[in-house]
Amino acid sequence: MSSETSDTLDQAMVRSSGLDTLLRDLTDRAVQEVPGAAACSITVRRAGRLLTLAGSDGLPSGLDQRQYENDSGPCVEAAETGSEQYAPDLAEESRWPSYTAYALTTGVRCALAVPLAVEGEAGAAINFYGVQAGALGPGRDTARAFAARAAATIDVALRIERRRESAADVRTALLSRSVIDQAIGILMVQERIDARTALERLRRASQNRNVKLRDLCAQLVAKVSEPDSDRRK
């Protein structure tokens, strides 16, 4: 890939305020850079299932989803096997009959799926779609080079996203611990019991009512926090 293309991809990452924007920028850039590409999408396996993280302008609705539903198609095979998949003419393609029939109705005539090496994700691919038979053939080398560069960028973006999710989980855990401690303190004062006994009572009530301990404690704290006039109503 040219240094100019590398620069534009780096600039896209700097401009992007989030993962969605970054990946959309990448797919739009792919359509501009890869000869014959009319649309592009990025497939990644997350939480045990394949999903499309982003798609360029002009990507037909359901084009990738139909593959995921049938567990069959070029992007599915590229992501799961790590092997590039190229269908120069879907009208003559026999590997994915149900998918190819649908793709042809959307105006897509050829497809190229290039696997992506993304850390921490079991399967990923970048998918290129053309509207004429053989349109993507001349651009396969460019598509591979673009995929190599995009993989590194996507990898960084996903790692940032995972850190954000991890931080959010920590904040949620801290908030949960805080509200549970407050509820324990309320019971200790109201019932004149120690902290261990208060926690046991809260856990028992949570099980009996089939309510999460955190939610039960939040309800108790909220009730005690109400103004006296509100509680008397």
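The values are calculated or read from the model by the stated rules, or taken from the named source; none is laboratory data. Remember, predicted model here, so these are calculated numbers, not experimental data. Backbone-built Cβ (ideal geometry, glycine too); neighbour counts: all protein chains shown.
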Original post:
Which of (1) outside any helix (DSSP H, G or I); (2) at pLDDT 85 or above is the odd one out, the single condition V211 does not satisfy?
Top reply: (2)
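Among the residues of segment 113-125, is there at least one that is small (G, A, S), modelled with pLDDT under 75 and closer than 30 Å to A47 by Cβ?
If we filter segment 113-125 for residues that are small (G, A, S), which is where we start, we get 113, 117, 120, 122-125.
If we keep only those that are modelled with pLDDT under 75 as well, we get 120, 122.
After this cut, where a residue has to be closer than 30 Å to A47 by Cβ as well, the list is 120, 122.
Checked segment 113-125: at least one residue is small (G, A, S), modelled with pLDDT under 75 and closer than 30 Å to A47 by Cβ.
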Original post:
Where in segment 30-122 are there helices (runs of 4 or more DSSP H), lying wholly inside it, with at least 2 residues that are crowded, with 16+ Cβ neighbours inside 10 Å and within 18 Å of the chain's Cα centre (by Cα)?
Top reply: 65-70, 74-81
Subject >> Index of the failed condition, D57 passing every other in (1) at pLDDT 90 or above; (2) closer than 14 Å to F128 by Cα >> reply: (1)
